[in-house]
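Taking it in order: structure first as structure tokens, then the write-up.
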Amino acid sequence: MSEVNHQSIKTNGIWMHIAEQGVGPLVLLLHGFPETSYSWRHQITFLANHGYHVVAPDMRGYGDSDSPLSPNSYTMMHLVGDLTGLLDHFGEQQEPGRAERAFARYDYLTVMKKLLLVTKTDAMIAPPGMEIIDNLETPSVLPKWITEEELQAYADKFQESGFTGPLNYYRAMDLNWELLAPWQGSKITVPTKFIVGDKDLNFESFGTREYVTGDVFKELVPNLEVVFLDGHHFIQQEKAKEVSNEILFFIRKITKD
């Protein structure tokens, strides 16, 4: 095993000192006050010996890293930027291709059936050692709201374009959360109608139902109307007529007002 290596890396406009050791998946170890990267001296070698590339930075203002004078240079946005720069330096990202490889074990029509016809009401989480697409059932009988030909139309289009673009929206979720931080608590004041199937798996997971029916959602979106329909996630297809009418009523209402 190599010795602990020390170097300084340019990230987010500052020089950040790091201690690193090992080869393998990247592990970032972040110290607090009043410490430095030295506080991780026991874990760095231990984890490196177990097959990891361990990086422990001196956080900005500490140790051998640059120390800007202004307190305004120590916001969470600055810290996230510092660490994102480190990840970029070492070429670390989320794992593009993992979901695509899992999808590729099935034909496109089967993938569409698994995703569009899901009736689970709990969180879409696969057990250890299994991908989400593997954990979804393939219905043997289609519901009345969609035909084999309509499913095939989706399958043909995704066979042309692939799934990477659509999946990248989910890979950008953390980045979106970071970028939207300045607007935390801002209100959406335009008229809004929220239509959801009462058996939507996302609606039943992670406290979404409680949030939508609670006070916080209405405080952030004061001009809000919530409509529950008997259905699942792809409600505009499953309950096409009802959703179409709800949209029409909403447009007429706001243009009349």
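The values are calculated or read from the model by the stated rules, or taken from the named source; none is laboratory data. Bear in mind that the values here come from a model prediction, so they are computed numbers and not experimental data. Using ideal geometry, Cβ is built from the backbone for each residue, glycine included, and neighbour counts are taken over all protein chains shown. Surface accessibility is based on the protein's heavy atoms, side chains included, excluding ligands, DNA and RNA. Shrake-Rupley method; radii C 1.70, N 1.55, O 1.52, S 1.80 Å.
Each residue, residue 33 and residue 3, gets one label point 7 Å from its Cα in the Cβ direction; the gap between the two is 3.4 nm. Taking the protein heavy atoms of region 157-239 in the context of the full set of protein chains, the accessible area attributed to carbon and sulfur is 58 percent at 1.4 Å.
Once the Cα atoms are used to define both axes, helix 76-89 deviates from the longest principal axis of the chain by about 80 degrees. Relative to the longest principal axis of the chain, what angle (0 to 90°, nearest 10) does the C-alpha long axis of helix 240-256 take? Approximately 80 degrees, to the nearest ten. Note on residue 253: aspartates and glutamates with a C-alpha under 18 Å away, same-chain residues under 8 apart excluded, are 225, 242. Computed extension gain for residue 247 through residue 230, at 0.36 nm per residue and net of the alpha carbon distance, reaches 4.5 nm.
Averaged per residue, the chain has 64 square angstrom of accessible surface, using a 1.4 angstrom probe with ligands and nucleic acids left out. Equivalent-ellipsoid semi-axes for region 185-256 (Cα gyration tensor, √(5λ), whole Å, largest first): 20, 19, 7. What the Cα convex hull of region 121-169 gives, in volume per residue, is 135 Å³. Quick one: which residues, 5+ away or cross-chain, put their amide H under 5 Å from the amide H of residue 226? H built at 1.01 Å from N. Those lying under 5 Å, H to H, from residue 226 are 194. With 29 Å as the limit, the listed pairs 120/239; 114/187; 120/144; 113/241 have 114/187 beyond it between alpha carbons. If the chain linking residue 100 and residue 212 were pulled fully straight, counting 0.36 nm for each residue of separation and taking away their Cα-Cα distance, it would gain 37.1 nm.
Size descriptors for the chain, from the alpha-carbon set: Rg then Dmax equal 24.4, 73 Å.
What the Cα convex hull of region 20-146 gives, in volume per residue, is 185 Å³.
Counting only DSSP beta bridges with both residues in the chain, the antiparallel share comes to about 55 percent. What FRET efficiency do you get for residue 153 and residue 131 if R0 is 25 Å and r is their Cβ-Cβ distance, rounded to the nearest 0.05? In this case the efficiency is close to 0.50. Taking label points 7 Å from Cα along the Cα-to-Cβ direction, residue 202 and residue 188 give a separation of 1.1 nm.
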